Structures are given as structure tokens and as C-alpha cells.
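Student: Before I ask anything, here is the structure I am working with.
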Amino acid sequence: MNRRRGLAVVVGLALAVVLVAARSVQVMVLQHDYWVNRARRQQEQVITAPGPRGQIVSADGYLMATSVERFAIQLDTKEAGNPFQFAKDAAPLLGCPVSDLTRRFTGARSVWIAQRVERATAEKVQALAPNAVVLVPDSQRLYPLGTVAAPVVGFVGREELATVGRYGLEQYYDALLSGEPQTFLAIHDAVQRRLSLRQLEQGRAGYDLELTISARLQATCELELAEVLEARQAKAVSAVVLEARTGSILAIVSLPSFDPDNPGAAPQENWRLRPVQDSYEPGSVVKPLVAAAALGHGVVRPGELFDCRQRGVRVAGRWLRDHAAPGMYTLDEIVSESANAGIVEVALRMRREQVYRTFDVFGFGRRTGVGYPGESAGILPTVDSWSGLSQASLALGQELTVTPLQVALAYAAIANGGWLLQPRLVARATGGEESIDDRQQWRAHVLDASLSRRIAGMLELVVEDGTGALAKVPGYRVAGKTGTAQRAVQGSFDDVHHVAWFAGFLPQPDPSVVVVVAVEEPATDFWGATVAAPVFARVAKAAMCHLAVAPTEEIEPAAGEAT
């Protein structure tokens, strides 16, 4: 009996040894990879953090958007012992209610409790539970110039640890600015205590964007437009300052604006870059384009006079008012005095397709391709949708809408010898030693050079002896055109809602800068000649100073000054 019992014990032990050996072979050989991977999952955690976001820099070297070092804080709730006590201790350091931390304890072992924390604060939080807290490199987006060019630059949001462009150039160029993420390996011991955090991949910083905008000129223009916004109690004001030969935007203003560090504090309509995203009827600023088309098609004889004595003209059963003084006008005088009756007669001498083509060749009804999200194309109705009044209305800048940027490009074509240019806000993207030009700009020849000089002469007459007298800039010959347009409100026009325009360029006869100003719904006065023209003069003067363009004409002393 004892022998049998002993034999059974030996056999049992032998079987146990065989089973253990078999299981060992299974675990160590056949299932080796499985158990190694499982151990790694328990002892190692890969954490991904975004690479440093690229900066946005003005043409004159000012930082418009940059990122500073911060840290994200991750907590191991089991290793923390009592995570709720940890939350009570950490909340005062992080400057938040305890509930903001405890609501993150959702049952997961590792939770993010804070982001964008300064180093000193993050290290104090880590000291509360050194084995439970890990600090991961993070960043915070800052806008050193505050509201200057805020609608241009835009702002960012957050998705986990990633900074994501939400508006403006931050959104449009997000892929370039973001770079490539960096990864870290968090290593735990057998009982899940974190031992170390090691960087696996360094990632790559995002590209920096170099803008065409001058921060100093931009700030000066914003001050000038803020003054008219308040003085005229306007709904909004816009301005574009453009290099006539290159299409580079030197300043682009949209007020009221917002603080990109706290965009939620402002109405969302203030986020808009109005000169790019909003379109309005242009009014009389398109009359020079109609005059150019008429000359190009030969429908006006040299020195021909047009009867503008009736203070208006009847077209398709409707009376179109004329605010110009009654008289007989040449084509140049029609433009300089902004005579509605004269320009309507000129437009009616052309075929419908020719009038449509007048605006189409200057890019109206199409996006400019400036490189900004949500750009408006404006509205240019096709000929088959026109009424009997449309040909006359279009000549007066009605029944179509344009952005201030589109108007600036059309006037640049007059200024530079007939070239319609693609505008740009970004000159290049740079990363390390690499530099990438933003894009190959297109351009199209839309106006004969001699004809562009002829129209520029008309526009100079507008400022010298016409409706644009308040647009004069001492020391420079200015060419430009006033415009006053009604705004449709709930589908109808009234005598309350207007847009006051002035578009022009200087210095003649070799202009380098185009300036367009649009004042939306001014309350105290609404004429382009009295509201927009003076602002144009101040902005244009600032542009000449910024570009160091020497005066081309003698500056007359102000009244009372010694000569």
C-alpha cells in the first residue's frame, strides 16, 4: 500500500514536472512574442506630443504668432494613492476648482489633469506625487502684437495635446505650421510605478510663415481706420494696401477686430477678414473700368460730349438719379464728376457681352486665390440673368458685389500697365535651412498699357479737380475714384445703409502702391468723397513713409506757415 502510494506520488510529481516544462516551453518558445508584447503593454506607454508649432512673422520682422514652452500633466490615479486628496492639493497650484480635476477621474488609470502649465508650476504639482505624475512637453500659442492683424493671423484651438489652427492663416496653413509629432516612452515597473520618461522620436518643428504684411504699416492703418470707425459710427471699416507691381499685400485692415488670445470674448463676425471674405456693391469705383471698355471698343469719339443736364436718365422705365452738376461732359469729366447719366449712356453703346466682359476680365465674380479660408468670390451675374435695367445698373456699380481686395487688384491693373495679379499674404515658409516660396503667382494682361495710362490720367483728374479732392496727399500725384453704394437689407435698398468707397494709387506717373478703403454703414455721412477719401489720404501717406518714397511734387506750405 505504501509502495503504491509512493509510486502514485512519484508519477504525480513527474506529470507535474512534465506539465510545467510543457507550459514553460509554450510560454517561453511558442508564445514568446505574445507574452513579451503583453508585458510591454503593462510596463510601457507611448505618449505622442505635437512638435513645436511654427511662428508667423511680419515682413518687417515682428512676431505675430509664436509658441512658448509649457507642460501637460498626466496622473496615474492608482499610484497617487488617494487621487481626490491629490486633486485638493494640486488645485490651488493650478489655479482651478477641485471639481475641474476630479471630473477627469473617469475610471481610467492614466488621466490628463492639466495642459499648458508653466514649468515651475508643473514641477510643484509633480512634487505632490513624484511616482504618479509625469510631465509631457507642451506649448501655448501667443500673439505678441495683440489685436494687430488679428483677422489675418487668426487663432488656434486644442485637440488633446495638439494645437490646431481654427481661423485665419493659422487654419489655412495648419499643415505647414504643425510640423511632425514627437513621441515619448513612459516605463513602469512590475507594480505599475512609473520609472522614467524617454523620448523616442524628436519630431520636427513646423515651418515659420513670413508674411508680406508690414506690422508697423498695419498698426498705423488700423489706428487711422479705428478713428473713422468711431467718428462716423460705422458698422465696420476695411482697407487694403497693395504693391501695384507684385500683388503683395502690405496691410489689410478689418475693424472691429478681436484679441486672438481670447477670441471668444468678441462676436464671431469680428473674426472675419472683411476685405477678403465680405463683398459689397462697388458703386462708382467701377466707372473707370466701364470707361476703359468703351475706349477699347471704340464706342466713344475723342472729345465727344455727353448730355448730363437732366439730373438723371431713364432706362427700362426707371429713373436713375444723377448727383453730378448738370452739364455737357467729356468721358474724362464723366469719371471725374461721377456723372451717372453719362456713364450709363456710354455703357448702353456697348453690347451686353462686352459690358459683362468688362468686369469679368478684372476678376470680378472669381476668388483671387490669395490663400485665406472662406474667400468670397463676389457676385457677377451672367448675361442670361440680366433684366432690361442690368446693363445700366452694372455701369453704376449695382447688381454686382466685389470684395475690397478685388477692387484693389483691378486698380493695380490700371496702375501697373494692365496686369491683373494674384495677391499674396505669405511670402514664404521657412524651416531650418529650407525656404519655400508660398506659390507661383499667376498674372494676366487685361488692359493695353496705353489705355491703362489714359484711365490713370482720368483718375488723377478725379483727385485734382473732381469728387476725390479730399484724397490728395501732399507731395504726391494721386489717382483714384470715389464710390457710394447702397446696401441691401432683407432684400431691399434704403437711404440708410451705405458703403463709402475710395480706391486709388500713387505716386503718378509711376505708381507703386494701391489703397482701397471701404466704410460700411457710416451713420453721420455716407458719401465716398467725404467719408472714405480722407481716410485714403492718411493711409496712402503712411504707405509712402513706410516705403520711403520721396515726394515727387513740391509741397505747398499750410495756411499760416512761413514760405
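Student: Per residue of region 387-400, in order, report the coupling 6.51 cos²θ - 1.76 cosθ + 1.60 (Karplus, θ = phi - 60°) as ³J(HN,Hα) in whole Hz, putting x for Gly and Pro.
Tutor: Result, rounded to whole Hz: 9, x, 8, 4, 4, 6, 4, 4, 5, 8, x, 10, 6, 9.
Student: Counting residues in the chain as N, plug N into 2.2 N^0.38 Å and put the Cα Rg over that result.
Tutor: Relative to the rule-of-thumb radius for its length, the chain sits at 1.40.
Student: Moving to a separate point now. As an exercise, find the ratio Rg/Rh for region 204-264 from alpha-carbon atoms, using the Kirkwood inverse-distance average for Rh.
Tutor: Result for region 204-264 is an Rg/Rh of 1.07.
Student: With each label point set 7 Å from Cα along the Cα-Cβ vector, what nm distance links R109 and L223?
Tutor: 6.0
Student: What does the convex hull of the Cα atoms of region 235-331 come to per residue, in Å³, rounded to a whole number?
Tutor: For region 235-331, the hull spanned by Cα atoms encloses 181 Å³ per residue.
Student: Considering just Cα atoms, how many Å³ per residue does the convex hull of region 324-399 enclose?
Tutor: For region 324-399, the hull spanned by Cα atoms encloses 117 Å³ per residue.
Student: Under a straight-distance cross-link criterion of Cα-Cα below 15 Å, which aspartates and glutamates are reachable from K124, leaving out those fewer than 8 residues away in the same chain?
Tutor: Correct list for K124: D89.
Student: Cross-link candidates for K287: which lysines have Cα within less than 21 Å, leaving aside residues fewer than 8 places away along the same chain?
Tutor: Within reach: K472, K481.
Student: Still on this structure, I have one more. Calculate the translational D of region 376-530 in whole µm² s⁻¹ from Stokes-Einstein, where the hydrodynamic radius comes from the Kirkwood formula applied to all Cα pairs, the temperature is 37 °C and the viscosity 0.692 mPa s.
Tutor: 186
Student: Could the peptides 229-242, 442-455 be put in order, highest first, of the mean number of other beta-carbon atoms found within 10 Å of their residues?
Tutor: In decreasing order of mean packing, 229-242, 442-455 become 229-242, 442-455.
Student: Using a 10 Å cut-off on Cβ atoms, rank the peptides 153-159, 246-252 from the highest mean neighbour count down.
Tutor: In descending order of packing, they fall as 246-252, 153-159.
Student: Show me, for region 515-524, the HN-Hα J-couplings you get by feeding each phi into the Karplus relation (A = 6.51, B = -1.76, C = 1.60, θ = phi - 60°), rounded to Hz, glycine and proline as x.
Tutor: 10, 10, 10, 10, 10, 8, 6, x, 8, 8
Student: Please compute one quarter of the surface area of the Cα convex hull for region 61-111 and express it in square nanometres.
Tutor: The orientation-averaged projected area of the Cα hull of region 61-111 comes to 5.0 nm².
Student: Further, regarding this structure: Scanning the chain for helices, which whole DSSP H stretches are 18 Å or more long along the axis (Cα) and average -0.5 or more by Kyte-Doolittle?
Tutor: Span-like helices here: 2-25, 215-231, 449-465, 533-546.
Student: Considering Cα pairs under 8 angstrom that are at least six residues apart, work out the relative contact order of the chain and quote it in whole percent.
Tutor: Reported relative contact order: 13 percent.
Student: Plugging the Kirkwood radius over Cα pairs into Stokes-Einstein for region 276-338, at a temperature of 20 °C and a viscosity of 1.002 mPa s, what D comes out in µm²/s?
Tutor: Rounded, D is 161 µm²/s.
Student: When only C-alpha pairs under 8 Å and at least 6 residues apart count, what is the relative contact order of region 86-183, in percent?
Tutor: 16
Student: Normalising by the residue count of region 296-337, find the relative contact order in percent from Cα pairs under 8 Å and 6+ residues apart.
Tutor: 41
Student: Under a 5 Å amide H to amide H cut-off, with H placed in plane at 1.01 Å, what residues pair with L250 once short-range neighbours are removed?
Tutor: For L250, the qualifying residues are V241, L242, E243.
Student: Per residue of region 362-371, in order, report the coupling 6.51 cos²θ - 1.76 cosθ + 1.60 (Karplus, θ = phi - 60°) as ³J(HN,Hα) in whole Hz, putting x for Gly and Pro.
Tutor: 8, x, 5, x, 9, 5, 7, x, 5, x
Student: What spacing in nm lies between the two simple spin-label points modelled at M328 and H445, each 7 Å away from Cα in the Cβ direction?
Tutor: Rounded to a tenth, the inter-label distance reads 3.9 nm.
Student: For the chain, what is the mean residue ellipticity at 222 nm derived from helices alone (per DSSP H run of n ≥ 4: -39500 (n - 2.57); sum divided by total residues; nearest 500 deg cm²/dmol)?
Tutor: Estimated from H runs of four or more residues: -9500 deg cm²/dmol.
Student: Taking 0.36 nm per residue of sequence separation and subtracting the Cα-Cα distance, how much length would be gained by fully extending the chain between T48 and E123, in nm to one decimal?
Tutor: Taking 0.36 nm per residue and subtracting the Cα distance, the gain is 25.0 nm.
Only the coordinates and a few stated rules stand behind these numbers; no lab work does. Just so you know, these numbers come straight off a predicted model, no measurement behind them. Here Cβ is always computed from backbone atoms with ideal geometry, including for glycine, and neighbour counts include all displayed protein chains.
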